[in-house]
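Accompanying notes for the structure given below.
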Amino acid sequence: MEAVKPKNEEARLSTLEKYAILDTDPELAFDDLTLLASYVCKTPMALISLIDEERQWFKSRVGLTTTETSRDVAFCASAILQSEIFEVPDALADERFRNNPLVVSEPHIRFYAGAPLITEDGYALGTLCVIDQKPRQLDPDQKEALKALSRLVLSQLEFRRNLMLLKEALNDRTKDEHERQAECQKLQATLMRVLGLQHS
């Protein structure tokens, strides 16, 4: 079963690419937020999931060892179609998910709640989600906390991207300065030769 894709899929994928985050190493700033989501929602599993063309990849994970799954079976692929929290109280009682491999086999998902990570331009890059192996629902406070944490995940993504752009700009500037310096040295050397010829 192929996942339904957002209407702005092409632009969404292009935006995700600009963050240069897929397949990067774990980072404490993200792991802390995932841990908090798991703690606040009292779930054994929590993930920061990013959805690319073919898969969902986990930037951060609690209670799960796998680093990615196919997009076709990803609950998060449905969550990015929403603007609010996407909640599945009991996956076995939900015809959209009851035959899903992630439900009928490891990690045996029964409960899922995902807050979409939506950029200022309106692109949902992925989710901050919490998962349990028993049916349940989040209370209103937990939902608000999950939304707040998802905004922090997005802020962290923006911060990381801006830092990267700043480093690139500084590298370009340093390179330009080195090139200008080399050019000046060449001019100086030429000038010294010309002056030397005039004196001889």
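Across region 68-81, which residue is farthest from LYS143 (Cα to Cα) among those that are outside any helix (DSSP H, G or I) and touching a residue at least 40 places away in the same chain (Cβ under 8 Å)?
Out of the qualifying residues, it is ALA74.
Mind listing just one residue for me: the one in region 70-102 that is of a type in the set (S, T, N, Q) and crowded, with 17+ Cβ neighbours inside 10 Å and, of those, farthest from the chain's Cα centre (by Cα)?
Filtering first and then ranking leaves ASN100.
Which one of SER105, SER60, SER49 is over 22 Å from PRO6 (Cβ atoms), open to solvent by less than 10 Å² (accessible area, probe 1.4 Å) and of a type outside the set (Phe, Trp, Tyr)?
After ruling out the rest, the residue left standing is SER60.
Within region 6-64, work out how many residues are outside any helix (DSSP H, G or I), of a type in the set (A, V, I, L, M) and more than 13 Å from the chain's Cα centre (by Cα).
4
Of all residues being charged (D, E, K, R) and in contact with a strand residue (DSSP E or B) (Cβ under 9 Å, 6 or more places away or on another chain) in region 108-149, which is most open to solvent (accessible area, probe 1.4 Å)? Just the residue, please.
Looking at the filtered set, the residue picked out is LYS134.
Condition test on GLU84, is it assigned to a loop (DSSP other than H, G, I, E, B), closer than 23 Å to GLU158 by Cβ and either modelled with pLDDT of 95 or more or not basic (Lys, Arg) (or both)?
Here the answer is yes, as GLU84 does meet what is asked.
Among PRO135, PRO116, which is the only one that is without any contact (Cβ under 8 Å) to a residue 60 or more places away in the chain and part of a strand (DSSP E or B)?
PRO116
So, in region 85-113, of the ones that are of a type in the set (D, E, K, R) and free of Cβ contacts under 8 Å to residues at least 40 places away in the same chain, which residue ends up nearest to CYS41 (Cα to Cα)?
ARG110
Cβ-Cβ below 9 Å, separation at least six or inter-chain, first residue in region 143-165 and over 13 Å from CYS129 (Cβ atoms), second open to solvent by less than 70 Å² (accessible area, probe 1.4 Å) and among the acidic types (Asp, Glu): which pairs?
Sorted first by the residue in region 143-165, then by its partner, the pairs are GLN156/GLU27; ARG160/GLU27.
Can you tell me which residue in region 8-19 is nearest to TYR123 (Cα to Cα), limited to those that are open to solvent by 50 Å² or more (accessible area, probe 1.4 Å) and touching a residue at least 24 places away in the same chain (Cβ under 8 Å)?
ASN8
The values are calculated or read from the model by the stated rules, or taken from the named source; none is laboratory data. This one's a predicted model, so the numbers in the text were calculated from it and none came from an experiment. In this analysis, Cβ positions are derived from the backbone assuming ideal geometry, glycine residues included, and neighbour counts consider all displayed protein chains. Heavy atoms of the whole protein, side chains included, go into the accessibility calculation; ligands, DNA and RNA do not. Shrake-Rupley method; radii C 1.70, N 1.55, O 1.52, S 1.80 Å.
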